[in-house]
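A short worksheet on the structure shown next.
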Amino acid sequence: MLTPKRFSDIVTPASIAGVLALCTLPFGSWSQCGTLLNGDGMVTNDPVYFECNDGNNPFEFFPLTQGSWTNVTVNWGDGSSPEFFEIWDNLNAISHVYDYEEFTSYDLTFSTSSCAASAALKKSVLVNPAIVVPEGWPTGACAPATLSFVNGSTNVTPDTEFTWTFDDGTTVTAGADNEGATVDHLYNAFTTGCQREVTLTATNACRTAEFGVPAAVTIDYINIWDRDNPLIGTSATVLCWPDNTVDLQNISEMVCFNNGNTQQRKEHWDFGGPFGPGGISEIDWRPWVNSDPIPLTFPSVGEYTISLGIENYCGIDEQSITIVVREPLTAEVAGPSVVCAGDRLEFTATAPDADWFEWDFYGTDQNWYPSQSGNMIWTFNAPGDYDLTVQVGLDNQSESCVAQAIHQVQVQAKPQAAIVLSE
């Protein structure tokens with residue numbers, strides 16, 4: 001209990017003078033400080049606020065605080081006079097009206113007699129990307145071709161970043177000075193498809209602050225055509241004499257046919273000599289209306305070059321192939337002839353120039369086993385007589401190039417040991 005004696009011990013002339021001095025401080029000289037929050041309501045040192053209004057009107061800004069500020073002076077950073085507020089907390093907001101600016105920055109300070117804090121207010125607008133193709137400008141062409149596009153974006157600020165993509169693996173980046181610019185792009189031959197998309201993405205501080213991702217716009221009506229892809233279909237590229245006839249077909253790819261490249265195609269054949277139907281050497285340019293087989297007959301062993309030209313709206317392209325007529329393959333197979341059931345056997349096939357080998361160990365023509373070379377390991381588990389057959393051939397060959405060799409194998413039962421114990 002505070003007795004009169006103890007009170008007299010505590011309250012001295014000096015302490016009374018201190019209390020009187022505190023009580024006589026000017027109004028507003030005592031202060032309390034809160035903590036600034038960013039635009040997401042998180043405690044932040046030196047927060048940065050964004051105002052992305054593009055309505056061309058003055059705007060009112062409300063800074064955010066956690067806790068209370070008392071007797072605080074705010075410099076709003078726009079050249080206006082600082083403002084004094086007796087209290088600022090969650091229930092007593094403070095604000096300031098700024099004149100409209102499209103892009104600027106304000107440095108704010110909040111100060112009391114005991115503390116100070118600062119923040120930044122970024123005034124900007126949301127950039128809006130746009131691609132413009134003026135009337136009369138081409139939106140399609142045969143590659144290689146250069147097409148042009150105009151950057152028609154709005155609300156472009158000095159910090160804007162643009163990215164152009166052309167759907168052919170190329171990307172172009174640019175800054176704010178790309179606004180209103182004409183962007184030329186070369187579509188190279190045989191590197192694009194038919195219907196191309198052109199995309200323009202744009203971002204700036206407001207886009208990042210409000211959405212976290214750029215904005216994008218795409219146009220999808222750009223048609224880039226190309227020459228057709230010539231392709232000769234053939235029944236074989238290797239013949240073995242006396243087989244000397246091959247069938248050819250025009251199986252070329254009609255590029256962008258479903259996207260408007262429908263002009264009548266033409267084809268031209270050069271057989272390299274009088275090997276075509278009726279002894280003709282070529283078929284001059286004619287409409288390509290079907291892919292019916294064209295038979296060629298060659299006079300002897302040799303190599304023959306065949307060419308096919310294809311013409312469409314974008315021009316002519318050509319493919320050539322070589323047909324080889326060669327002497328027939330020969331094959332031999334060697335290995336053990338009399339064996340015991342269960343033995344591990346090795347057989348060797350010899351066939352000069354052969355590309356592949358197949359083995360039929362039972363002579364039934366039912367099960368063929370391929371091998372990478374002419375060597376094969378096999379085990380016969382049942383006694384009997386077998387016609388081991390090896391078949392060899394060439395890649396892309398006609399049936400005339402298949403050669404066979406047969407090796408007879410007699411498989412005997414494995415002897416059984418008989419042991420008799422004497423008494």
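Note down the nm distance, to one decimal, between modelled labels 7 Å out along Cα→Cβ at Gln319 and at Asn396.
So the label points at Gln319 and Asn396 sit 1.0 nm apart.
Relative to the longest principal axis of the chain, what angle (0 to 90°, nearest 10) does the C-alpha long axis of helix 13-23 take?
The angle comes out near 60 degrees.
Using 0.36 nm times the number of residues separating Arg344 and Asp184, minus their current alpha carbon distance, what extension gain do you get?
Separation in residues times 0.36 nm, less the Cα-Cα distance, equals 50.4 nm.
Top mean-square fluctuation among Phe380, Phe257, Phe162, Gaussian network model of the chain, C-alpha springs under 10 Å?
Highest fluctuation of the listed residues: Phe380.
Round to the nearest 0.05 the FRET efficiency obtained for Lys266 and Val172 when R0 = 60 Å and r is the Cβ-Cβ distance.
With a Förster radius of 60 Å, E is 0.95.
For Val172, what is the net charge nearby, where nearby means another residue's Cβ is under 13 Å from its Cβ and Lys, Arg count +1, Asp, Glu -1?
Charge balance near Val172 sits at -4.
How much net charge surrounds Thr35 when only other residues with a Cβ under 13 Å from its Cβ are counted (Lys, Arg +1; Asp, Glu -1)?
-2
For region 332-412, what size does the Cα cloud have along each of its three principal axes, sorted from largest down, in whole Å?
Extents along the principal axes: 40, 20, 16 Å.
Would you order Lys266, Lys123, Lys414 from fewest to most other beta-carbon atoms within 10 Å of each residue's own beta-carbon?
Working: Lys266 16, Lys123 24, Lys414 11.
Arranged by neighbour count, lowest to highest, Lys266, Lys123, Lys414 become Lys414, Lys266, Lys123.
If you place +1 on the Cβ of every Lys and Arg and -1 on the Cβ of every Asp and Glu, how big does the dipole about the Cα centre of the chain come out, in debye to the nearest 20?
The dipole of the chain has a size of about 1620 debye.
Using a ≥ b ≥ c from the Cα gyration tensor of region 187-338 (square roots of the eigenvalues), is it rounded, prolate or oblate, where a/c under 1.5 gives rounded and otherwise the larger of a/b and b/c decides, a/b for prolate?
Taking the square roots of the gyration eigenvalues as a ≥ b ≥ c, region 187-338 is oblate.
R0 = 56 Å: FRET efficiency of Asn290 with Ser337, Cβ-based, nearest 0.05?
Calculated transfer efficiency: 0.50.
Can you give the Kirkwood hydrodynamic radius of the chain from its Cα pairs, in Å with one decimal?
Hydrodynamic radius (Kirkwood, Cα only) of the chain equals 32.3 Å.
Anyone know which of Ala116, Ala205, Ala174 comes out most mobile in the 10 Å Cα GNM of the chain?
Ala116
Round to the nearest 0.05 the FRET efficiency obtained for Glu101 and Thr191 when R0 = 35 Å and r is the Cβ-Cβ distance.
0.15
Taking 0.36 nm per residue of separation and subtracting the Cα-Cα distance, what length does fully extending Glu135 through Asp355 add?
Here the segment from Glu135 to Asp355 would lengthen by 73.1 nm.
Going by C-beta contacts inside 10 Å, put Tyr313, Tyr187 in order with the fewest on the left. Please report the intermediate quantities before stating the final value.
On the way: Tyr313 17, Tyr187 22.
Ascending number of Cβ neighbours within 10 Å: Tyr313, Tyr187.
Based on the mean of other beta carbon atoms within 10 Å per residue, what is the order of 338-347, 132-141, most packed first?
Those peptides, ordered most packed to least, come out 338-347, 132-141.
Could you calculate the contour length gain from Ala413 to Asp89, that is, 0.36 nm times the residue separation minus the distance between their Cα atoms, to one decimal place in nm?
106.1 nm
Simple spin-label model, 7 Å along Cα-to-Cβ: Val48 to Val301 in nm?
Each label point is offset 7 Å from its Cα along the Cβ direction, giving 8.1 nm.
Report ³J(HN,Hα) in whole Hz for each residue of region 131-145, in order, from the Karplus equation J = 6.51 cos²θ - 1.76 cosθ + 1.60 where θ = phi - 60°; Gly and Pro get x.
10, 10, 10, x, 4, x, 6, x, 10, x, 5, 8, 6, x, 8
Among His407, His268, rank each residue by its count of other Cβ atoms within 10 Å, from fewest to most, as a rough exposure measure.
Listed from fewest to most nearby Cβ atoms, that is His268, His407.
Over region 332-412, what relative contact order in percent results from Cα pairs under 8 Å that are six or more residues apart?
On the way: 181 pairs, mean separation 30.9, N = 81.
Relative contact order comes out at 38 percent.
What net charge do the residues around Val325 carry, taking every other residue with its C-beta under 11 Å from that of Val325, with Lys and Arg at +1 and Asp and Glu at -1?
Numbers: positive: Arg326; negative: Asp243, Glu303, Glu327.
Combined, the nearby Lys, Arg, Asp and Glu give -2.
FYI, it's all coordinate maths here, none of it is from the lab. Just so it is clear, the model here is predicted, and its values are computed rather than measured. Backbone-built Cβ (ideal geometry, glycine too); neighbour counts: all protein chains shown.
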